[in-house]
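Student: Have a look at this one.
The values are calculated or read from the model by the stated rules, or taken from the named source; none is laboratory data. All values derive from a computational prediction rather than experimental measurement. Here the Cβ positions follow ideal geometry from the backbone for every residue, glycine too, while neighbour counts run over all protein chains shown.
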Ligand SMILES: Cc1cc2nc3c(=O)[nH]c(=O)nc-3n(C[C@H](O)[C@H](O)[C@H](O)COP(=O)(O)O)c2cc1C
């Protein structure tokens with residue numbers, strides 16, 4: 001379906017420029033700003049700008065496959081929209097229009113915890129919905145909220161965990177922003193959360209559960225110990241911890257430790273289809289866009305969101321072709337090079353994670369791989385037995401002890 005809005009605003013920068021003209025100054029400050037010095041906000045972009053995509057040619061790239069599997073869902077693209085609160089400041093029907101626009105071309109929508117009228121939002125969406133939870137009450141309050149989420153037909157939920165305090169966003173403070181005053185008045189329940197609460201919240205409804213705001217390999221490991229179903233690598237678009245790391249940087253080490261055990265979503269600072277390629281190559285399953293989608297919402301409601309997503313996806317496909325890459329799910333870290341201050345590629349891998357071609361598994365024959373897989377899946381074997389059986393399957397029979405020296409024959 002053709003979108004007339006794209007005739008008027010054929011580029012992403014035109015959407016942003018128009019949104020900056022029509023959004024009231026305080027809402028614009030709320031959307032664009034970051035925490036305190038805005039170092040994290042800037043670093044998200046800085047780090048992405050210091051990665052380059054390798055250009056391979058003559059790779060037969062007529063068709064690009066962007067199909068993505070996530071928690072059992074099949075999505076047409078790995079590009080989604082991040083959950084954002086306060087959407088009524090950008091469109092009178094903000095949350096409803098956002099969900100409608102995000103799902104129109106078959107994508108999913110992540111609904112912000114503060115969105116009023118979950119049923120109305122769910123009714124507007126034509127694709128799967130994920131709920132983003134802020135813990136803003138006692139356990140009964142949370143359980144109640146989650147029952148509503150479950151009843152409304154959501155497919156998964158995530159708890160945002162990077163909000164142990166509400167940061168000092170100086171642009172909002174300068175304008176005495178009402179949304180900031182409202183946030184400051186909320187109960188301080190999130191600062192006391194621990195991993196016990198993760199276990200508890202996960203058990204409340206039978207839906208896949210993730211954590212949003214994971215930024216270190218240590219926390220990713222802990223999250224896996226607590227059996228979360230997905231991780232969302234995020235620094236809240238640079239809006240929470242000041243002077244934190246860029247998410248593309250954290251993604252690299254998190255993907256190393258997670259090693260494909262759960263899907264990774266990433267956001268914060270992603271603005272272009274090429275940014276999505278970088279994140280996918282470094283281990284993300286889905287790449288989420290916050291403010292970029294917000295500009296679409298402000299300019300044209302659901303049509304604007306859909307238009308912006310179309311532009312991002314078009315950029316994704318065009319640049320996949322130009323990079324000689326056929327499938328977004330097969331991108332590997334080898335596609336990405338780090339760039340030094342002079343603009344030259346540095347001969348240092350961006351990730352310690354071995355690419356699929358370089359991994360141990362890929363050095364095995366097909367029958368060895370099948371044997372390893374079978375042993376790993378065997379629930380009847382202990383971890384030690386599995387290790388020995390895999391060693392045997394890969395190296396052949398375990399080396400026998402050296403024959404005792406026959407002293408008499410010396
Ligand atoms: C206006 C605005 C409101 C947001 N509200 C929420 C929220 O309610 N819950 C949440 O988990 N993250 C929220 N975020 C963070 C986003 O989910 C996301 O992590 C971030 O916007 C991604 O960065 P980007 O805007 O640079 O793409 C908000 C971000 C913005 C810009």
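Student: Among (1) within 23 Å of residue 44 (Cα to Cα); (2) under 20 Å from the mean Cα position of the chain (by Cα), where does residue 198 come up short?
Tutor: Single failed check for residue 198: (1).
Student: I need the full set of residues from the stretch 105-141 which are more than 16 Å from the ligand (Cβ to nearest atom) and either surrounded by 20 or more Cβ atoms within 10 Å (Cβ to Cβ) or part of a helix (DSSP H, G or I) (or both), in order please.
Tutor: 119, 120, 122, 123, 124, 125, 128, 139, 140, 141
Student: Can you name every residue in the stretch 315-324 that is in a loop (DSSP other than H, G, I, E, B) and either surrounded by 24 or more Cβ atoms within 10 Å (Cβ to Cβ) or out of contact with any strand residue (DSSP E or B) (no Cβ under 9 Å at 6 or more places or on another chain) (or both)?
Tutor: Passing the criteria: only 324.
Student: Something else about it: Taking residue 48 and the conditions (1) more than 30 Å from residue 183 (Cα to Cα); (2) within 21 Å of the chain's Cα centre (by Cα); (3) part of a loop (DSSP other than H, G, I, E, B), which numbered condition does it fall short on, given that it satisfies the others?
Tutor: (3)
Student: Something else now. Which residues, counting only those in the stretch 78-100, are part of a loop (DSSP other than H, G, I, E, B) and away from the ligand (no atom under 11 Å from the Cβ)?
Tutor: Answer for the stretch 78-100, where residues must be part of a loop (DSSP other than H, G, I, E, B) and away from the ligand (no atom under 11 Å from the Cβ): 78, 91, 92, 93.
Student: If you take just the strands (runs of 3 or more DSSP E) that sit entirely in the stretch 212-314, which of them hold at least 3 residues that are within 11 Å of the ligand (Cβ to nearest atom)?
Tutor: 286-289
Student: Take the conditions surrounded by fewer than 24 Cβ atoms within 10 Å (Cβ to Cβ) and within 24 Å of residue 39 (Cβ to Cβ) and apply them to residue 241. Does it pass?
Tutor: For residue 241, the condition - surrounded by fewer than 24 Cβ atoms within 10 Å (Cβ to Cβ) and within 24 Å of residue 39 (Cβ to Cβ) - is met.
Student: Among the residues in the stretch 196-209, are any part of a loop (DSSP other than H, G, I, E, B), in contact (Cβ under 8 Å) with a residue 24 or more places away in the chain, more than 20 Å from residue 290 (Cβ to Cβ) and in contact with a strand residue (DSSP E or B) (Cβ under 6 Å, 6 or more places away or on another chain)?
Tutor: yes
Student: Determine if the stretch 56-77 includes at least one residue that is under 30 Å from residue 345 (Cα atoms), part of a helix (DSSP H, G or I) and either within 16 Å of the ligand (Cβ to nearest atom) or modelled with pLDDT of 95 or more (or both).
Tutor: No, every residue in the stretch 56-77 fails to be under 30 Å from residue 345 (Cα atoms), part of a helix (DSSP H, G or I) and either within 16 Å of the ligand (Cβ to nearest atom) or modelled with pLDDT of 95 or more (or both).
Student: Follow-up question, since we're still on this one. Which ones in the stretch 1-38 are surrounded by fewer than 17 Cβ atoms within 10 Å (Cβ to Cβ) and part of a helix (DSSP H, G or I)?
Tutor: 7, 8, 13, 14, 17, 20, 21, 22, 25
Student: Kindly indicate whether any position in the stretch 143-161 is surrounded by 14 or more Cβ atoms within 10 Å (Cβ to Cβ), in the same structural domain as residue 228 (by TED's automatic domain parsing) and more than 30 Å from residue 195 (Cβ to Cβ).
Tutor: Within the stretch 143-161, not a single residue is surrounded by 14 or more Cβ atoms within 10 Å (Cβ to Cβ), in the same structural domain as residue 228 (by TED's automatic domain parsing) and more than 30 Å from residue 195 (Cβ to Cβ).
Student: Something else now. So is residue 118 without any contact (Cβ under 8 Å) to a residue 60 or more places away in the chain and within 20 Å of residue 91 (Cα to Cα) or not?
Tutor: For residue 118, the condition - without any contact (Cβ under 8 Å) to a residue 60 or more places away in the chain and within 20 Å of residue 91 (Cα to Cα) - is met.
Student: Here is a list: 91, 150. Which entry is more than 25 Å from residue 328 (Cβ to Cβ) and out of contact with any helix residue (DSSP H, G or I) (no Cβ under 6 Å at 6 or more places or on another chain)?
Tutor: The match here is 150.
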